[in-house]
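Q: The structure's right below; bear with me while I get my questions together.
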Amino acid sequence: MTSPVFLVRHAEAESGGLDADRRLTPNGKASFSGLLERLGTDLSVKRVLASPFRRARETAHLLAHATGATAESSDDLASGHAGGQELLGLARESGAGTALVGHNPEVAEAVAIAAGKPVPVPPGTVAALDLSGPTPRLLWLRSP
């Protein structure tokens with residue numbers, strides 16, 4: 001099996017204000033950082049792609065810092081830009097070891113396709129997917 005691709009829903013964000021400008025809450029930052037610490041070497045990330053929305057970029061920064069990966073923004077991950085199938089296509093194109101940080105419902109739709117059923121994807125969730133075969137497969141899902 002090849003290295004997984006990771007789908008990440010941004011951590012808990014503030015409510016109100018312009019959607020693209022919402023920041024992570026202190027609890028969101030702490031919870032996500034704690035999850036990253038618990039995941040340790042299970043999180044073999046080389047590259048992080050994030051939605052241009054602030055909360056996703058902040059989540060990506062935490063992930064990149066924890067893993068030593070590089071992080072960049074991708075308009076393809078913006079909220080409402082694509083559905084679950086498109087997100088899986090982008091993940092496949094991005095390659096093993098890439099983490100894509102985005103939003104629900106897109107992340108939840110992609111995870112449901114890989115799991116074969118709907119599963120909860122709360123803020124800060126990390127899903128590891130095997131995309132080496134013709135059908136995506138959920139390897140594991142962890143939430144703060």
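Quick note: the coordinates plus some simple rules give every number you see, no bench work behind them. Because the structure is a prediction, the values reported are computed rather than measured. Cβ sites come from the backbone with ideal geometry, for glycine too, and all protein chains shown count toward neighbours.
Q: In sequence order, what are the phi-derived ³J(HN,Hα) couplings for the stretch 52-66 according to the Karplus relation 6.51 cos²θ - 1.76 cosθ + 1.60 with θ = phi - 60°, rounded to whole Hz, with x for glycine and proline?
A: Result, rounded to whole Hz: x, 5, 3, 5, 6, 5, 5, 5, 4, 4, 4, 5, 5, 4, 6.
Q: Using a Förster radius of 25 Å, what is the FRET efficiency between LYS117 and ASP75 based on their Cβ-Cβ separation? Nearest 0.05, please. Write down the numbers at each step before the final one.
A: Details: r = 30 Å, r/R0 = 1.20.
So the FRET efficiency works out to roughly 0.25.
Q: Right, next: Treating the stretch 2-81 as a set of equal point scatterers at the Cα positions, no solvent, please give the Debye-formula log₁₀ I(q)/I(0) at q = 0.13, 0.15, 0.25 Å⁻¹.
A: -0.38, -0.50, -1.26
Q: Have a look at the chain and give its Rg and Dmax from the Cα atoms, expressed in angstrom.
A: 13.5, 43
Q: What does DSSP give for the chain in terms of the percent of beta bridges that are antiparallel, rounded to the nearest 5?
A: Numbers: 10 of 22 bridges.
So the antiparallel bridges in the chain amount to around 45 percent.
Q: Kindly provide the pair-distance distribution of the stretch 73-144 built from C-alpha pairs, with 10 Å bins from 0 and whole-percent values in order of increasing distance.
A: 21, 61, 19, 0
Q: Packing-wise, with mean Cβ within 10 Å as the measure, how do 11-17, 89-95 rank, highest first?
A: Details: 11-17: 15.1, 89-95: 16.9.
The most tightly packed comes first, giving 89-95, 11-17.
Q: Using 0.36 nm per residue, how much length does the chain from ALA30 to LYS46 gain when fully extended, once their Cα-Cα distance is taken away? Write out the running numbers ahead of the final one.
A: Details: separation 16, 0.36 × 16 = 5.76 nm, distance 2.23 nm.
Working it through step by step, the gained length comes to 3.5 nm.
Q: Something else about it: For SER3 paired with ARG142, estimate the spin-label separation in nm (one decimal), with each label point 7 Å from Cα along the Cα-to-Cβ line.
A: 1.6 nm
Q: In sequence order, what are the phi-derived ³J(HN,Hα) couplings for the stretch 72-85 according to the Karplus relation 6.51 cos²θ - 1.76 cosθ + 1.60 with θ = phi - 60°, rounded to whole Hz, with x for glycine and proline?
A: Using θ = phi - 60°, the values come out as 8, 8, 9, 4, 5, 9, 4, 4, x, 6, 8, x, x, 4 Hz.
Q: Let me ask you something else. With only Lys, Arg, Asp and Glu charged, each at its Cβ (+1 for the first two, -1 for the last two), find how big the charge dipole of the chain is about the Cα centre; round to the nearest 20 debye. List each step's numbers first, then the result.
A: Numbers: 14 positive and 15 negative charges, 69 e Å.
It comes to approximately 340 debye.
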